[in-house]
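To keep things clear, I will list the structure first and then write my remarks on it.
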Amino acid sequence: MADDYTLRVKPGKTIRLKDYDPRHDFGWKKDDAAAELATIQSELSDLQARLYAEGKQALLVVLQGMDASGKDGTTKNVFRGVNPQGMHIV
């Protein structure tokens, strides 16, 4: 697979995670990503509230990585501003 990465999977479409390079960074540098995340924390909280209020849809986030690759830390940092009662992490 070339640089044709997407972050959305259309309904009914199947994907194979092994087709995606887990090292792909989408062009983000760590400091830039942290700054962007800080600016969108409140937006994530608002979007979670809207999704919950609608009660029809859900959001699935897949983090692919080896043991100790930072999946837990990523989850904690990205979803810091959202209500934990509205999440199910496996």
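Identify the single condition in (1) in a loop (DSSP other than H, G, I, E, B); (2) farther than 19 Å from Arg8 by Cα that Asn77 does not satisfy, given that it satisfies every other one. For Asn77, the failing item is (1). For the stretch 65-81, the set of residues classified as modelled with pLDDT of 85 or more and either at negative phi or in contact with a Gly (Cβ under 6 Å, 6 or more places away or on another chain) (or both) consists of Asp67, Ser69, Lys71, Asp72, Gly73, Thr74, Thr75, Lys76, Asn77, Val78, Phe79, Arg80, listed by residue number. Taking every residue in the stretch 61-90 that is farther than 16 Å from Lys30 by Cα and aromatic (Phe, Trp, Tyr) and pairing it with any residue that is in a helix (DSSP H, G or I) and open to solvent by less than 80 Å² (accessible area, probe 1.4 Å), at least 6 positions away or on another chain, the pairs with Cβ-Cβ distances below 8 Å are Phe79/Leu44.
Selection of the stretch 40-59 for residues being open to solvent by less than 100 Å² (accessible area, probe 1.4 Å), under 17 Å from Leu7 (Cα atoms) and either in a loop (DSSP other than H, G, I, E, B) or of a type outside the set (A, V, I, L, M, F, W, C) (or both) yields only Ala58. In this structure, is Lys71 among the charged types (D, E, K, R), surrounded by 10 or more Cβ atoms within 10 Å (Cβ to Cβ) and touching a Leu at 6+ places or on another chain (Cβ under 9 Å)? So Lys71 passes the test. When restricted to residues that are surrounded by fewer than 10 Cβ atoms within 10 Å (Cβ to Cβ) and at negative phi, the stretch 12-23 contains 7.
With respect to (1) open to solvent by 80 Å² or more (accessible area, probe 1.4 Å); (2) without any contact (Cβ under 8 Å) to a residue 12 or more places away in the chain, the lone exception for Phe26 is condition (2).
Here Val62 meets the list (1) in a loop (DSSP other than H, G, I, E, B); (2) modelled with pLDDT of 85 or more; (3) of a type in the set (A, V, I, L, M); (4) open to solvent by less than 100 Å² (accessible area, probe 1.4 Å) almost entirely, failing just condition (2).
The values are calculated or read from the model by the stated rules, or taken from the named source; none is laboratory data. Note that the coordinates shown come from a computational prediction; the quantities given were computed from them, not determined experimentally. Every residue, glycine as well, gets a Cβ built from its backbone with ideal geometry; the counts of neighbours run over all protein chains shown. Accessible surface is based on the protein model in full, side chains and every heavy atom, while ligands, DNA and RNA are left aside. Shrake-Rupley method; radii C 1.70, N 1.55, O 1.52, S 1.80 Å.
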